[in-house]
Amino acid sequence: MTTNTTPTTPATPTTPDPDTPSTAESGTPSTAGPGRGGLEVRGGLDITGLHKALGGRTIIDSLDMSVQPGELVSLLGPSGCGKTTTLRMIAGFLAPDAGSIKVGGREVVHLGPEQRPSAMVFQNYALWPHMTVAKNVAFPLRLRKRPRAEIAERVDAALALVNLLHHRDSRPARISGGEQQRTALARALVQEPELLLLDEPLSNLDAKLRVKVREDIREIQQRLGITTLIVTHDQEEAMSMSDRIAVMNAGRIEQFSTPAQLYSTPATEFVATFIGSLNRLQGRLQDGRIVPGTGVVGIRPEDVLFTPDGPDAAKHSTGGEGIPATVHRVVPRGHFAEVHLTRDDASLRSYVTGNPPPVGTQGHARITKWLTFEDGKLATTGDGA
Ligand SMILES: Nc1ncnc2c1ncn2[C@@H]1O[C@H](COP(=O)(O)OP(=O)(O)OP(=O)(O)O)[C@@H](O)[C@H]1O
């Protein structure tokens, strides 16, 4: 664990420069000497009773959360739910009104960002345009007045980690968005933090690069065993990278579980609709049909099996009679198609692999698995087996 040697230098550079970023990385000066081969698993993060009001409104409401050492957790939720506010409080850029934040068992809530054993990667990377990649990465160590030889060694180790040694002398404007992202990551990792904080780290990258960079981040995070918290509003990103996901809604955590649990057993209707796709039907399920009722039935599109009527029906039959429905629309989605089925004014989406039935096909939809909700909370799960 890192012992804090509090820097006297400010976290933000004092040189006046209109082009310089307004934010600065935070982090704790490491007591580790030069030549340290990498990071070992450090302490976890424990948040209790975190509360914050802004502009007279409660933004974060009694938030409790624990991240285990070496775990990667995503804070996932819609725009404005309080993800960034939470992350900024953990990093030390914003003071909570109440609550405790412990990193590696040590209370940090009264410490400034530069005194905390955490490092943050900002959404816009906040790189210095007039500095080379290596100088950007060296910056937090120079602020802490680490010896020159140690800085050189640690910068090269961090750049090697993110595969950027060949760009050490390039300026940010000359490298790609993905490489800028990796520079920002190296600048955080060079501080050898106990806790790595990333704010929407992939949002400035195009779709293809996102997939590559998220795999890179996950690989590095697992190799180093570094406790990591990522803020994102992208459920696919959170599902693919995280050990666990904290789904936030209006300043509270609705559910904190593994990606698989969130998908199969969402605690609330909000989580069920936010994670993955869901057919949401008012009423209740009776003998494979939706009948009027007070609750809500939620069905994943892959759990709706459509069988066209006609002479081939027996061949395609999925068993049971199901709900009569007509193919209204077919949306190709690569290796499967999203088939929109209608019956009267109700609609259901079904995922079909192989050749989808053409628009206008009449048949029956059978529901193989479902969730029911009462007052927004999960009431039952069921399957037609
Ligand atoms: N300084 C402030 N004064 C008043 N309200 C604020 C302030 N900063 C943030 N808020 C409000 O707090 C709420 C949460 O903001 P926050 O940035 O944490 O959301 P978020 O979940 O990160 O959203 P996004 O995904 O859009 O970044 C928003 O409604 C925002 O308008």
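The values are calculated or read from the model by the stated rules, or taken from the named source; none is laboratory data. Model, not experiment: these values are computed from the prediction. Neighbour counts are summed over all protein chains in view; Cβ atoms, including those assigned to glycine, are modelled from backbone coordinates with ideal geometry.
For the range 103-123, enumerate the residues that are within 14 Å of Leu197 (Cα to Cα), of a type in the set (S, T, N, Q) and not in a strand (DSSP E or B).
Of everything in the range 103-123, just one residue is within 14 Å of Leu197 (Cα to Cα), of a type in the set (S, T, N, Q) and not in a strand (DSSP E or B), namely Gln123.
Using the structure shown, decide if Leu159 is aliphatic (A, V, I, L, M) and more than 24 Å from Gly92 (Cα to Cα).
Yes: the conditions hold for Leu159.
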- Query: Only one of these conditions is not met by Val339: (1) modelled with pLDDT under 90; (2) buried (at least 19 other Cβ atoms within 10 Å of the Cβ); (3) on the phi < 0 side of the Ramachandran plot. Which number is it?
  - Reply: (1)
- When the range 360-370 is checked residue by residue, the ones that are in a strand (DSSP E or B) and out of contact with any Asp or Glu (no Cβ under 9 Å at 6 or more places or on another chain) are Ala365
- Item | Hits in the range 227-264 (condition: of a type in the set (Asp, Glu), within 16 Å of the ligand (Cβ to nearest atom) and in contact (Cβ under 8 Å) with a residue 12 or more places away in the chain) | Asp234, Glu237, Glu254
- Note on the structure: Apart from one, (1) within 20 Å of Thr228 (Cα to Cα); (2) among the polar types (S, T, N, Q); (3) more than 16 Å from the ligand (Cβ to nearest atom); (4) not in a strand (DSSP E or B) all hold for Ser100; the odd one out is (4)
- Item | Leu189 being within 16 Å of the ligand (Cβ to nearest atom), under 30 Å from Ile151 (Cβ atoms), touching a residue at least 40 places away in the same chain (Cβ under 8 Å) and not aromatic (Phe, Trp, Tyr) | no
- Task: Considering every residue within the range 69-89, establish whether at least one is among the polar types (S, T, N, Q), away from the ligand (no atom under 12 Å from the Cβ), in contact (Cβ under 8 Å) with a residue 12 or more places away in the chain and touching a helix residue (DSSP H, G or I) at 6+ places or on another chain (Cβ under 7 Å).
- Result: yes
- Task: Any chance you could count how many residues in the range 154-191 are β-branched (Val, Ile, Thr) and in a loop (DSSP other than H, G, I, E, B)?
- Result: 3
- Message: Would you confirm, using the coordinates I've provided, whether Ile59 is at pLDDT 95 or above, within 9 Å of the ligand (Cβ to nearest atom) and within 29 Å of Arg214 (Cα to Cα)?
- Response: yes
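Working only within the range 338-359, note down all residues that are out of contact with any helix residue (DSSP H, G or I) (no Cβ under 7 Å at 6 or more places or on another chain) and not in a loop (DSSP other than H, G, I, E, B).
Matches in the range 338-359: Val339, His340, Leu341, Thr342, Arg343, Ala346, Ser347, Leu348, Val352, Thr353.
Filter the range 151-168 down to the residues that are among the charged types (D, E, K, R) and at pLDDT 90 or above and list them by number.
Step one: filter the range 151-168 for residues among the charged types (D, E, K, R), giving 153-154, 156, 168.
Matches in the range 151-168: Glu153, Arg154, Asp156.
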